Amino acid sequence: MKAVCTAEGYNLHGLRTLLRKNFSISELSYASFIHARSSNGQDVYFFKNGSFVVWGSDRPPSHDTSIMAFVDELRKLVKPFEIGSLDQSLIELEDMDWKEVDNGKTRVVDDAVIEINNSQHVHPTENVWIKLAISNGLSDSVKLAVLEGLLDKHIEKIKSLPIALEEGRRIPIGRAATLRLIGELLHFRATLNLDSEFLDTPEIYWSHPQMEELYKSVSRSFDTKQRISTLNKKMDYAEQISELLRTHLNDSHMFRLEWAIILLVGFEVVNSVLWWMV
């Protein structure tokens, strides 16, 4: 099973129309995701957050050579429907092993492997729900990995600014760049904290307690809550630098404004002196 995040989001309405040509779309598809099944029986879950999860066979990934080729095909397929496509260097991919069992319940084993109950007593629709809950948890993880990478790049850009102040140098950054950095940080915080599925269990599971618990189990296995907490702490540090940049921007503006006033007053004085001399 592989999860890939390629964009900030997907246009699921347009993507659903295209998928109908070559995939079977299940009735389980909602506004926030699409469940599709290929002609060879592979399940794919596309999520509005810009990621998709592919289910291959229950063999170890090292022995399943076809799944990566399928992932590459899907990346090309979703490209026209991406909202905020990511650079190649920022695209994230995560794996999770799984295997079918004929008894017991579906569960996360050792925070690494999913055991899926595939006995005759499991209804096909329930199996789709099970895979959805697991895919949703994995989708959150790969999306978080993208945000972690983006925030690390942001911090790399600004980490030299406190050093410049410590050494008594002016901040070597212009107004346009300052506004871009502030905008980046606001965008990170909004993506992380305004996406309700990061902060709470998706409402689709509220009426399915077993699926909700499975989703939470997968989230725990990827330390989703702890990673969100760590990201917010890093953003608090970046916010302090952002406040410094705002102050720098305001001071620079006031400095230029003061000099403009001085020059205007000086011009008026010189102009008055010349008028009286004439």
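The values are calculated or read from the model by the stated rules, or taken from the named source; none is laboratory data. Here the structure is a predicted model, which means the values were calculated and not measured. Every residue, glycine among them, receives a Cβ derived from its backbone with ideal geometry; neighbour counts consider all protein chains shown. Heavy atoms of the whole protein, side chains included, go into the accessibility calculation; ligands, DNA and RNA do not. Shrake-Rupley method; radii C 1.70, N 1.55, O 1.52, S 1.80 Å.
Table: residues versus (1) among the charged types (D, E, K, R); (2) open to solvent by less than 20 Å² (accessible area, probe 1.4 Å); (3) under 13 Å from Val142 (Cα atoms); (4) not in a loop (DSSP other than H, G, I, E, B).
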| position | (1), (2), (3), (4) |
| --- | --- |
| Thr17 | no, no, no, yes |
| Asn22 | no, no, no, no |
| Glu27 | yes, no, no, no |
| His35 | no, yes, no, yes |
| Gly41 | no, no, no, no |
| Tyr45 | no, yes, no, yes |
| Asn49 | no, no, yes, no |
| Phe52 | no, yes, yes, yes |
| Gly56 | no, yes, no, no |
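Is it the case that region 163-175 has a residue that's more than 30 Å from Lys2 (Cα to Cα), in a helix (DSSP H, G or I) and in contact with a helix residue (DSSP H, G or I) (Cβ under 9 Å, 6 or more places away or on another chain)? Yes, region 163-175 has at least one match. Here region 28-58 is the region considered, the condition is being without any contact (Cβ under 8 Å) to a residue 60 or more places away in the chain and out of contact with any strand residue (DSSP E or B) (no Cβ under 9 Å at 6 or more places or on another chain), and the residue that is farthest from Asp72 (Cα to Cα) is Ala31. Against the test of being out of contact with any helix residue (DSSP H, G or I) (no Cβ under 7 Å at 6 or more places or on another chain), open to solvent by 10 Å² or more (accessible area, probe 1.4 Å), under 14 Å from Met1 (Cβ atoms) and assigned to a helix (DSSP H, G or I), the options Lys153, Lys131 yield a single qualifying residue, Lys131. Tallying residues that are open to solvent by less than 90 Å² (accessible area, probe 1.4 Å) and in contact (Cβ under 8 Å) with a residue 24 or more places away in the chain within region 217-235 yields 12.
Listed here are the residues, each with its yes/no results for (1) within 17 Å of the chain's Cα centre (by Cα); (2) more than 27 Å from Phe222 (Cα to Cα); (3) at pLDDT 85 or above.
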{"residue": "Asp97", "(1), (2), (3)": "no, no, no"}
{"residue": "Lys105", "(1), (2), (3)": "no, no, no"}
{"residue": "Val108", "(1), (2), (3)": "no, no, no"}
{"residue": "Leu150", "(1), (2), (3)": "yes, no, yes"}
{"residue": "Leu179", "(1), (2), (3)": "no, yes, no"}
{"residue": "Leu186", "(1), (2), (3)": "yes, no, no"}
